[in-house]
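Notes for the one structure printed next.
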Amino acid sequence: MIAGSARQDGTDMTGPTNVPAGKTVLVLVPHPDDAEFHAGGTIARFVKEGARAVLVIATDGCKGSFKHDRATLIRLRGEEALRAARRLGADPPLMLGHADMELDALPAGFLRGQFIRQIRCHRPDILIAEDPLSRTAMHPDHRAVAWAAAEAVAAAPLPLVHPEHLAEGLEPHYVAEKYYFLEEVASANKIVDISATLEDKLAALAEHTTQVEFLVEDAIRQAQVAGVDLAALAGGSLVDPLQALRWAVRAQAGMFGEHAGFEYGEAFRYTRFHPMIEALLEDR
C-alpha cells in the first residue's frame with residue numbers, strides 16, 4: 001500500500017494500491033496531448049506496475065497551430081501522439097479522427113456509442129477520462145468527451161444498449177474503477193503519487209512539439225493584446241517553450257502532491273461502485 005494522507009474534511013487523498021499485472025487501463029481524451037497533460041504520470045505508473053494502457057483520442061488536433069496548415073498539423077499530431085504513447089509504455093493510440101473543436105457538432109449520442117464500443121472491445125478494469133462535473137472545462141471538446149465517457153461507462157454494461165455489438169462478439173462490460181482527472185484540487189478525492197514517473201510524463205509531453213509551441217505562442221499573443229512584455233518578464237524560458245512547459249507541469253504536480261503528502265501528484269475524482277455496494281464492501 002502506498003503511503004498517503006487525508007484532508008481535514010476526511011476525504012481520502014491516498015494514492016491507489018499497486019495495479020496487478022494483466023489489468024487494462026482505457027484512456028478517453030479529446031486531443032493528442034490531453035492524456036499526457038492530465039494523467040501521464042498515472043498512466044506511466046500503471047504500466048510500470050504491469051497494466052496495459054490503451055489511449056483513445058477523439059480528434060485529430062487540426063486547429064491548434066499558428067504556423068502549420070491543417071493537413072500538416074494532422075500528420076504531425078498523429079506522429080507526436082504515437083511517440084508520446086511509447087514514452088508512457090502505452091499501446092499505439094487509436095485516433096477516432098473527428099475534427100478538432102467540432103465534437104459538439106456530432107449527432108447526439110454518436111461519440112458515446114463509439115466509447116461504448118471501445119469499452120466492450122478492450123474490457124478495461126480502469127477508465128481514465130476528464131471529469132464531467134468539472135467547473136473549469138471551457139473547451140467544447142473536453143466537455144463533449146467528458147460526458148460521453150461517463151455516459152458510456154454507465155451504458156456499456158447494458159445488453160440492450162447497442163445490441164448490434166453482440167453480433168460482433170462484443171459483450172457488455174462494467175468498468176470497476178473510474179479516474180476522472182481535473183484541475184481543481186478542491187474537487188479531488190484521490191491524488192495519485194507520480195513522484196517516480198514525473199519524468200516519464202515530461203518526456204511524453206516533450207513529444208508534443210506542435211502543441212507546446214502553440215501554447216507558448218498563444219500566451220505571447222494574449223500578453224501582447226494586454227500590453228504586457230511577456231518576453232521581458234519570463235526571460236529565457238520563452239526561448240525554449242519546453243522549458244516553460246516543464247516548469248508549469250512541475251509546479252502543478254507539486255501543488256497536487258502537497259495535498260496528499262507526495263512530492264508530485266495528479267488529481268482525480270475516483271469512483272467505483274454504487275454507494276450501497278461501497279457500504280457493503282466497507283462492512284466486510
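The values are calculated or read from the model by the stated rules, or taken from the named source; none is laboratory data. A quick note: this is a predicted structure, and the numbers were derived from the prediction, not measured. In this analysis, Cβ positions are derived from the backbone assuming ideal geometry, glycine residues included, and neighbour counts consider all displayed protein chains. Heavy atoms of the whole protein, side chains included, go into the accessibility calculation; ligands, DNA and RNA do not. Shrake-Rupley method; radii C 1.70, N 1.55, O 1.52, S 1.80 Å.
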- [ ] Inspect the range 45-53 for any residue being under 15 Å from the mean Cα position of the chain (by Cα), at pLDDT 95 or above, over 23 Å from ALA137 (Cα atoms) and outside any helix (DSSP H, G or I) and give the result as yes or no.
- [x] yes
Task: Check on GLU183, outside any helix (DSSP H, G or I), open to solvent by 70 Å² or more (accessible area, probe 1.4 Å), over 16 Å from ASP34 (Cβ atoms) and in contact with a Ser or Thr (Cβ under 8 Å, 6 or more places away or on another chain) - done: no
- [ ] Given the conditions (1) open to solvent by 50 Å² or more (accessible area, probe 1.4 Å); (2) closer than 18 Å to ASP34 by Cβ; (3) of a type in the set (A, V, I, L, M), report the number of the one that LEU158 does not fulfil.
- [x] (2)
Task: First in the range 91-114 and open to solvent by 30 Å² or more (accessible area, probe 1.4 Å), second anywhere and of a type in the set (Lys, Arg), Cβ under 6 Å, 6 or more apart - done: MET101/LYS63
Task: Flag if PRO132 is assigned to a loop (DSSP other than H, G, I, E, B) and either aromatic (Phe, Trp, Tyr) or more than 15 Å from the chain's Cα centre (by Cα) (or both) - done: no
Task: Selection from the range 75-89 of residues that are open to solvent by 40 Å² or more (accessible area, probe 1.4 Å) and within 16 Å of the chain's Cα centre (by Cα) - done: LEU82, ARG86, ARG87, GLY89
Open item on the list: Let me spell it out: the conditions are (1) more than 27 Å from GLU199 (Cβ to Cβ); (2) under 15 Å from the mean Cα position of the chain (by Cα), and LEU96 meets all of them except one. Which number is the exception?
Closed with: (2)
Task: Given (1) closer than 29 Å to GLU199 by Cα; (2) part of a helix (DSSP H, G or I), number of the condition ASP91 does not satisfy - done: (2)
Task: Unmet requirement for ALA108, which otherwise passes all of (1) farther than 24 Å from GLU171 by Cβ; (2) of a type in the set (A, V, I, L, M); (3) more than 17 Å from the chain's Cα centre (by Cα); (4) in a helix (DSSP H, G or I) - done: (4)
- [ ] Can you work out which of the residues in the range 135-154 that are open to solvent by less than 70 Å² (accessible area, probe 1.4 Å) and in contact with a helix residue (DSSP H, G or I) (Cβ under 6 Å, 6 or more places away or on another chain) is nearest to GLY61 (Cα to Cα)?
- [x] ASP141
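So, in the range 197-250, of the ones that are among the acidic types (Asp, Glu) and outside any helix (DSSP H, G or I), which residue ends up modelled with the highest pLDDT? Walk me through how you get there before you give the answer.
As a first pass, look at the range 197-250 and keep what is among the acidic types (Asp, Glu): 199-200, 207, 213, 217-218, 229, 240.
Right, trim to outside any helix (DSSP H, G or I) and you get 207, 229, 240.
Working: GLU207: 97, ASP229: 77, ASP240: 77.
Among those residues, the one meeting the criterion is GLU207.
In the range 214-225, is there at least one residue being of a type in the set (A, V, I, L, M, F, W, C), surrounded by fewer than 13 Cβ atoms within 10 Å (Cβ to Cβ) and within 27 Å of MET138 (Cα to Cα)? Working first, answer last.
Residues of the range 214-225 that are of a type in the set (A, V, I, L, M, F, W, C), as a first pass: 214-216, 219-220, 223, 225.
Subsequent filtering for residues that are surrounded by fewer than 13 Cβ atoms within 10 Å (Cβ to Cβ) retains 225.
Right, trim to within 27 Å of MET138 (Cα to Cα) and you get 225.
Yes, there is a match, as at least one residue in the range 214-225 is of a type in the set (A, V, I, L, M, F, W, C), surrounded by fewer than 13 Cβ atoms within 10 Å (Cβ to Cβ) and within 27 Å of MET138 (Cα to Cα).
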- [ ] Please work out which one of (1) surrounded by fewer than 16 Cβ atoms within 10 Å (Cβ to Cβ); (2) in contact (Cβ under 8 Å) with a residue 12 or more places away in the chain; (3) under 29 Å from MET101 (Cβ atoms) is the condition PRO132 fails and give its number.
- [x] (1)
Task: Selection from the range 115-129 of residues that are touching a strand residue (DSSP E or B) at 6+ places or on another chain (Cβ under 8 Å) and open to solvent by 10 Å² or more (accessible area, probe 1.4 Å) - done: GLN118, HIS122, ARG123, ASP125
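Going by the conditions given, is ARG250 of a type in the set (Lys, Arg) and under 30 Å from LEU73 (Cα atoms)? Give the steps one after another, and end with the answer.
Numbers: of a type in the set (Lys, Arg): yes; under 30 Å from LEU73 (Cα atoms): yes.
Considered against the rule, which asks whether it is of a type in the set (Lys, Arg) and under 30 Å from LEU73 (Cα atoms), ARG250 comes out as yes.
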- [ ] Among the residues of the range 148-172, write down those that are part of a helix (DSSP H, G or I) and farther than 30 Å from ALA267 by Cα.
- [x] GLU164, HIS165, LEU166, ALA167
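Regarding the range 173-180, can at least one residue be identified that is without any contact (Cβ under 8 Å) to a residue 12 or more places away in the chain, open to solvent by less than 60 Å² (accessible area, probe 1.4 Å) and either touching a helix residue (DSSP H, G or I) at 6+ places or on another chain (Cβ under 7 Å) or assigned to a helix (DSSP H, G or I) (or both)? It would help to see each step written out before you state the result.
Initially, the range 173-180 is screened for residues without any contact (Cβ under 8 Å) to a residue 12 or more places away in the chain, giving none.
Taking every residue of the range 173-180 in turn, none turns out to be without any contact (Cβ under 8 Å) to a residue 12 or more places away in the chain, open to solvent by less than 60 Å² (accessible area, probe 1.4 Å) and either touching a helix residue (DSSP H, G or I) at 6+ places or on another chain (Cβ under 7 Å) or assigned to a helix (DSSP H, G or I) (or both).
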